[in-house]
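The values are calculated or read from the model by the stated rules, or taken from the named source; none is laboratory data. Small disclaimer: the values here were computed from a predicted structure and weren't measured. Positions of Cβ are generated from backbone atoms using ideal geometry, with glycine treated the same way; all protein chains shown enter the neighbour counts.
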Amino acid sequence: MKRTSILALFLAAVTLLSTSCGTSDKVASISITASGTTGVVNLAGLGGTLQLQVTANYTSGKVVDETNWSTYTVTPQGTLNDGVTPLPTPPQGISVNATGMVTATADQNDDGICTWTNLSAGSTGSASWAFTGDYEIVANYKGMLSQPIYIPVASAADTLTGQVGACGPSSSGD
């Protein structure tokens, strides 16, 4: 009788293990995107915004929005559009709030930031934009880091600064 009970317990344990019962669904990775954008992201105009979205990707294939429970690190990379002046550290001209909203703000001179240069400046053709710098943003969710997203800024391309069309592609597709 005792052997039958032990055998029954052993078979129950094997059944539980073989049906994956008792295993946990864990976060395998997190990813960050700028909602509603494709290709190169651009933060245009003073007060311009982009909404970040952070998703937790689970081992089961489940994807969960964790934007509001993530924190963000912003690192300036490259130069202003003059190709010489490094982007200011700590970052200026950009802010990210707790809900992942990125906003173009004024810099220390109350101007916008421009990390775009027109490669065809002086020609009669249409503008050919390239960025000279960007802000690298990484999300942190429960100690797990996302891949970086790179955001060039054209906040100087604004009617307030008198530079409309002089700093990178606008949201209208310049």
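Run down L80, L46, L52 and say which single residue is under 20 Å from S146 (Cβ atoms) and either touching a strand residue (DSSP E or B) at 6+ places or on another chain (Cβ under 7 Å) or modelled with pLDDT of 85 or more (or both). Explain how you work it out, then say what you get.
Values: L80 fails: under 20 Å from S146 (Cβ atoms); L46 fails: under 20 Å from S146 (Cβ atoms).
Testing whether each residue is under 20 Å from S146 (Cβ atoms) and either touching a strand residue (DSSP E or B) at 6+ places or on another chain (Cβ under 7 Å) or modelled with pLDDT of 85 or more (or both) leaves just L52.
Within region 86-109, residues that are farther than 14 Å from P76 by Cβ and at pLDDT 90 or above reach partners that are not charged (D, E, K, R) and not in a loop (DSSP other than H, G, I, E, B) with beta carbons closer than 6 Å, at six or more positions or on different chains, in the pairs T99/N68; G100/L52; G100/T67; M101/T49; M101/Q51; T103/T49; T103/S95. Across region 22-47, the qualifying residues are those that are within 15 Å of G100 (Cβ to Cβ), touching a residue at least 60 places away in the same chain (Cβ under 8 Å) and not hydrophobic (A, V, I, L, M, F, W, C), and the one among them that is surrounded by the fewest Cβ atoms within 10 Å (Cβ to Cβ) is S31.
For region 96-115, a tally of residues being under 12 Å from I151 (Cβ atoms) and not in a loop (DSSP other than H, G, I, E, B) returns 4. Taking region 23-70 as the range and being in contact with a Gly (Cβ under 8 Å, 6 or more places away or on another chain) and part of a loop (DSSP other than H, G, I, E, B) as the test, the residues that pass are N42, G45, L46, S70.
Residue-wise test of (1) touching a helix residue (DSSP H, G or I) at 6+ places or on another chain (Cβ under 9 Å); (2) closer than 30 Å to D25 by Cβ; (3) crowded, with 19+ Cβ neighbours inside 10 Å.
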| position | (1), (2), (3) |
| --- | --- |
| V64 | no, yes, no |
| V74 | no, no, no |
| P90 | no, no, no |
| G100 | yes, yes, yes |
| A104 | no, no, yes |
| A130 | no, no, no |
